[in-house]
1. For the pair residue 250 and residue 459, what calculated FRET efficiency results from E = 1/(1 + (r/R0)^6), where r is the Cβ-Cβ distance and R0 = 56 Å, to the nearest 0.05?
2. Using Cα-Cα distances under 8 Å and only pairs 6 or more residues apart, what relative contact order does region 327-457 have, in percent?
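Values in this text are rule-based calculations from the coordinates and carry no lab data. No experiment lies behind these values; they were computed from the predicted model shown. Every residue, glycine as well, gets a Cβ built from its backbone with ideal geometry; the counts of neighbours run over all protein chains shown.
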């Protein structure tokens, strides 16, 4: 993506607010005109006041300068407000557009891109962009307009002196062009290094209990210091380039001014021009000098804006690999009736799938399975057998490389993914809770549910009792990722959410793994009620969660290696028998103890 296409995309976000930037441009032109007019006021003060010795004409000239100053202040207020508003609004729109695109991307995108990097682009880069659009961009436009106008007035005032100024322009532009490219490249590297710092810090803070339990504070601090120093080194290089650029521009500009003053002073002494004309010319020359100096400084900032915009546009234009077909089976306008008319029967037909991050390792290979409507199917097998991958494909987070995953014999690739997922409720092994209160976490996915329905779902999940004991009951904030709850409490909140969502297909990934024996018994009763009439798939290692299943599927290395009831598999499957002895031993012992 080149610089011009990047800026073009940035301007596209400004188009809806053309009234604001047109107003800002009018105010900018107005204040620029006033600024240039002040030069003529200076000429009148010198020629008609100081040189002529007229007090009345001096008063008139000073009064004119005061009026112009007031008008310029009013124009500056309007320009600053409009440009700052535009910067805030455009940045907010870009941030929203990027976020909207990111949350719709396929999961494999997040395997390759760290969450800290994405957050840095959404926060640091957009904040930088807001500062530049609302400040630096305005300064650049103002300097460009006033410098151009001042150059015109220089020629109007004195052509000979103007040629001296113009002769120095190529010398001034040359370092801007040369060092500007370097600054842009370094600006991109600087933003990337800052993102690395934020990503590293976020990961450490998120896993702070693990860091402290292994007493790795000193090592993490040292590693973070390396990241910070790397970011500082890149920033230092960028600053050095910008500082050298500004120094070169100032040296060349004021060198040209010195030559102009020498020639102009000689002309005043010889009577070739008046002192007022020289004063006005010096005023305009200073405007040109300051304008070029500002442009050289802002140019570096604009290069940083290009770098930040490039990073944001990469996220904005990232495409999801999981897309809805042009004519989905469950079009949004009739999705509910279209999907409801299909049987909640799921099937895998010779499915082969590799995760993008592990292209040489098959997660599922020639995998076939049918999940009948209303049935309860349990998936068991060693770690890495492909059980969780079955869930990933059922939710269409990924598409198989070979074969088909079907909903009532129709390929999932023929469905709109979002509408398809409205048919499924998922309870994960690690329940996903948000920084919100209890009622909002349970109501996630059914925002229109009443509090009475939320409470009923919590009671069904045997969560009501502990929720009532929280400081503010259902209005209690759970903290980041539900940190204020125990593992079993988090799990019951997640189960209450699934109960409230009332979906036709239920996916339970170790749904009772975090519960003690008593809580597990209560939740299992709630799940028994919830699973009635629903197509249920359970990933389980615990005996109590699969004894009631209609069929148990034994998986190993992405294949089905056994199928049947618990008793049948104990006899026919060596792997299942071994898993039962090793992984279900505690459950069997507990069950025998309770019976004795």
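1. 0.15
2. Across region 327-457, relative contact order equals 27 percent.
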